[in-house]
1. Probe radius 1.4 Å, ligands and nucleic acids left out: which of Asp147, Asp134 has the largest accessible area, and how do the rest follow?
2. Around Ser199, under 12 Å between beta carbons, what's the net of Lys plus Arg minus Asp minus Glu among the other residues?
3. Quick one: how many Å² of Glu243 are accessible to a 1.4 Å probe, rounded to 10?
4. I'd like to compare 13-22, 233-242: which one has the highest average count of other Cβ atoms within 10 Å, and what's the full order after that?
5. Could you report segment 61-101's accessible area per residue, 1.4 Å probe, as an integer in Å²?
6. Enter the accessible area of Lys182 (Å², nearest 10), with the probe set to 1.4 Å and all protein chains included.
7. Please report the carbon-and-sulfur percent of the accessible area for segment 61-101; probe 1.4 Å, protein heavy atoms only, DNA, RNA and ligands left out.
8. Output ³J(HN,Hα) for segment 101-108: one whole-Hz value per residue in order, computed from phi by the Karplus curve 6.51 cos²θ - 1.76 cosθ + 1.60 with θ = phi - 60°, and x for Gly and Pro.
Amino acid sequence: MSGKLERSPTATRRSFQKRFNAPKGPDAKTIRKLFAKFERTGSVNDNRVGNVGLRQTVVTCENVAKVSGIVQQNPRNTVRRIASETGLKRSTTQTILRNSQWIFPWKIQSHQTIPIKDVQQRFNFANEILTTIDTEGFDFGCIWLTDKTHLHLNGFVNKQNWKFRGSENPHLCEEKPLHSPKVTAWVAICSSGIIGPFSMRETISSKRYITILDQFVSTQLTLEDRPRTEWFMQDGVRPHSTEKVFRFFDEYFVNIVIALDYPGMD
């Protein structure tokens with residue numbers, strides 16, 4: 001089927017306005033598209049099926065089953081891809097996932113791998129502490145909990161929230177160094193109070209860590225309400241688990257230390 005418009009789009013629009021008493025009629029582009037659609041399909045009806053029609057929008061049992069099957073095969077499929085494979089609108093696919101299947105997007109979380117040896121060591125320590133609580137009335141308030149953090153000095157730009165509104169793109173660019181300057185802060189806390197923070201600009205090493213511990217002990221000895229028995233806890237990063245650090249613990253804390261690989265914890 002082939003042909004051409006018998007009238008110009010302008011004449012067609014005027015005829016439409018006169019016949020339907022409409023103040024405005026379809027523009028020239030719409031008229032040409034309707035004519036091309038009629039020439040191609042023999043109809044201008046939008047409710048068609050097949051490649052030339054609109055996608056399905058109805059949430060039916062069949063569509064729910066299609067979406068469910070695709071998700072079961074690959075849970076990492078995007079809504080766009082699922083909609084493409086099922087022939088559904090993205091909005092319909094989203095409705096099926098959320099309201100019919102109760103399926104939501106979840107981000108994969110990552111965490112540090114814990115060796116089997118460390119898991120067993122933690123399990124044994126937890127049982128030991130529980131036994132001490134039951135038999136000796138162990139007080140958690142006597143544990144010095146310690147940790148450190150990096151404080152970045154040049155700020156941080158969240159590109160999702162940092163926007164510039166205007167009629168033209170200003171092409172702004174925020175420069176930042178390859179390695180952000182930062183300060184490492186270390187602090188200890190227990191029921192007796194807070195000691196620190198102690199800060200350093202250099203990368204923490206075993207030697208620098210012992211310097212911090214010296215300052216901690218000096219301050220700790222001056223506290224008036226110190227508990228009779230004090231435990232010391234630290235994280236398991238490599239500079240904290242050297243022979244020199246453990247010798248320091250032996251001198252000041254004997255075997256009341258909670259630390260990864262510390263001989264007294266075996």
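The values are calculated or read from the model by the stated rules, or taken from the named source; none is laboratory data. Because the structure is predicted, anything quoted here is derived from the model rather than measured. Every residue, glycine as well, gets a Cβ built from its backbone with ideal geometry; the counts of neighbours run over all protein chains shown. Areas reflect the complete protein model, heavy atoms only, side chains present, ligands, DNA and RNA absent. Shrake-Rupley method; radii C 1.70, N 1.55, O 1.52, S 1.80 Å.
1. Reading off the accessible areas and sorting them downward yields Asp134, Asp147.
2. +3
3. My reading of the accessible area for Glu243 is about 130 Å².
4. 233-242, 13-22
5. Heavy-atom accessible area per residue stands at 63 Å².
6. In the full protein context, Lys182 sits at about 80 Å².
7. Numbers: 1080 of 2580 Å².
Whole-percent figure for carbon plus sulfur exposure: 42.
8. 9, 6, 10, 10, x, 10, 7, 6
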